[in-house]
Amino acid sequence: MDDDLAKAVKKYIKDMPSFSITVAKVLDVCNNSQSSPSDLNRVISLDPVLVAKVLRLINSAYDGLARPVTNLVRAIIMLGINTVKNIALSTAILVKMAADNTPGFSMDEFWRHSFCTGIAARLIAKKRHIENSQVEEYYTAGLLHDIGKIPACAVKADEYLEAMELAGREHIDLYQAEERVLKFDHCAAGKIIVDAWRLEGAIGDVIKYHHCCLKYEGPYRDILYTVALANRFSSVMEIGFSGNRYPGPLAPEILEYLALGEDIFRELGSAVKKEIEEASIFLKL
């Protein structure tokens with residue numbers, strides 16, 4: 001990415017509103033290994049929107065309970081601090097991005113693709129018996145994997161449309177068309193968001209590496225490979241639209257690592273509709 005383009009993307013991101021004080025504090029508390037559910041409760045209880053989302057998720061995830069969970073500390077303990085952090089982070093980013101009217105994209109379709117990828121990642125993780133305490137991070141990484149497309153399209157709208165047309169005309173993956181037309185791809189733009197918003201860990205790594213998985217040498221390969229498969233599912237099944245009509249095949253190493261084949265797509269398709277309804281908690285009370 002040339003310097004002028006990098007500056008334009010950075011300015012676009014910088015001009016967006018900062019995270020709310022509540023969300024910033026939630027992230028600080030969650031990133032402190034000494035924090036307890038009570039510490040998190042003191043912060044979340046000041047934000048009625050966040051309280052509602054946490055309680056809605058716990059009562060949706062555990063719908064067999066004798067009575068609804070209304071105690072916030074209990075909900076945090078049952079969900080786990082990492083899941084609550086992901087709720088806060090996802091909510092904040094979705095509010096930022098959904099406010100944009102970006103040329104070239106139907107934001108409804110873009111977020112439908114993003115939701116589908118997150119949901120599929122969660123279902124794959126469950127099928128592979130990932131611990132329940134970790135599953136929500138797979139969802140969040142899938143949900144946010146393509147956020148680099150938003151600033152990329154916003155600062156280079158005409159060129160981005162040209163890249164989408166090139167991808168459709170030559171039946172190539174969109175990130176390859178981005179590189180040819182824009183000289184960078186949405187993973188590079190996503191890296192700027194990751195750095196600006198300090199999205200450390202699995203979520204940031206997925207945003208940066210989901211189209212070059214085999215180059216990744218970090219500790220979150222399981223989440224990265226899972227999101228790569230989930231992303232392909234969303235594109236192949238045409239659930240939502242993120243500009244990528246002809247996704248390239250996954251590297252065999254990814255499917256071998258996950259011990260899954262694309263025949264899982266039939267199984268996922270029947271479950272995604274139900275899961276999308278659960279995911280709607282991130283957009284409304």
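The values are calculated or read from the model by the stated rules, or taken from the named source; none is laboratory data. Everything numeric in this text was worked out from a predicted model, so none of it was measured. Cβ: placed from backbone, ideal geometry, glycine included. Neighbour counts: every protein chain shown.
Structure data summary
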| read-out | value |
| --- | --- |
| Enumeration of residues in the range 204-219 that are among the aromatic types (Phe, Trp, Tyr) and under 14 Å from the mean Cα position of the chain (by Cα) | 209 |
| Qualifying residues in the range 216-227 (those that are over 14 Å from residue 125 (Cβ atoms) and in contact with a helix residue (DSSP H, G or I) (Cβ under 7 Å, 6 or more places away or on another chain)) - the one surrounded by the most Cβ atoms within 10 Å (Cβ to Cβ) | 216 |
| Residues within the range 187-246 that are under 16 Å from residue 151 (Cβ atoms) and either among the small types (Gly, Ala, Ser) or in contact (Cβ under 8 Å) with a residue 12 or more places away in the chain (or both), tallied | 16 |
| Conditions (1) assigned to a helix (DSSP H, G or I); (2) over 17 Å from residue 234 (Cβ atoms); number of the one not met by residue 130 | (1) |
| Among (1) within 14 Å of the chain's Cα centre (by Cα); (2) under 27 Å from residue 155 (Cβ atoms); (3) not acidic (Asp, Glu) - the single one residue 229 does not satisfy | (2) |
| Pair list, Cβ < 6 Å and 6+ apart or interchain, from the range 110-136 residues that are free of Cβ contacts under 8 Å to residues at least 24 places away in the same chain and closer than 22 Å to residue 247 by Cβ to residues that are acidic (Asp, Glu) and in a helix (DSSP H, G or I) | none |
| When residues of the range 112-157 are limited to those that are of a type outside the set (Lys, Arg), more than 12 Å from the chain's Cα centre (by Cα) and within 17 Å of residue 186 (Cβ to Cβ), the one surrounded by the most Cβ atoms within 10 Å (Cβ to Cβ) | 152 |
| 3 or more residues touching a Ser or Thr at 6+ places or on another chain (Cβ under 6 Å), closer than 30 Å to residue 162 by Cα and modelled with pLDDT of 90 or more: qualifying helices (runs of 4 or more DSSP H) within the range 172-285 | 221-236 |
| The one condition in (1) under 24 Å from the mean Cα position of the chain (by Cα); (2) within 30 Å of residue 126 (Cβ to Cβ); (3) surrounded by fewer than 17 Cβ atoms within 10 Å (Cβ to Cβ); (4) at pLDDT 80 or above that residue 11 fails to fulfil | (2) |
| Sole residue being modelled with pLDDT of 90 or more, among the hydroxyl-bearing types (Ser, Thr, Tyr) and either closer than 27 Å to residue 87 by Cβ or part of a helix (DSSP H, G or I) (or both), chosen from 117, 140 | 117 |
| Among the residues listed as 79, 5, the single one being crowded, with 17+ Cβ neighbours inside 10 Å and at pLDDT below 80 | 5 |
| Which numbered condition residue 74 misses (of (1) modelled with pLDDT under 85; (2) part of a helix (DSSP H, G or I)) | (1) |
| Residue 60 surrounded by 12 or more Cβ atoms within 10 Å (Cβ to Cβ), under 26 Å from the mean Cα position of the chain (by Cα) and assigned to a loop (DSSP other than H, G, I, E, B) | no |
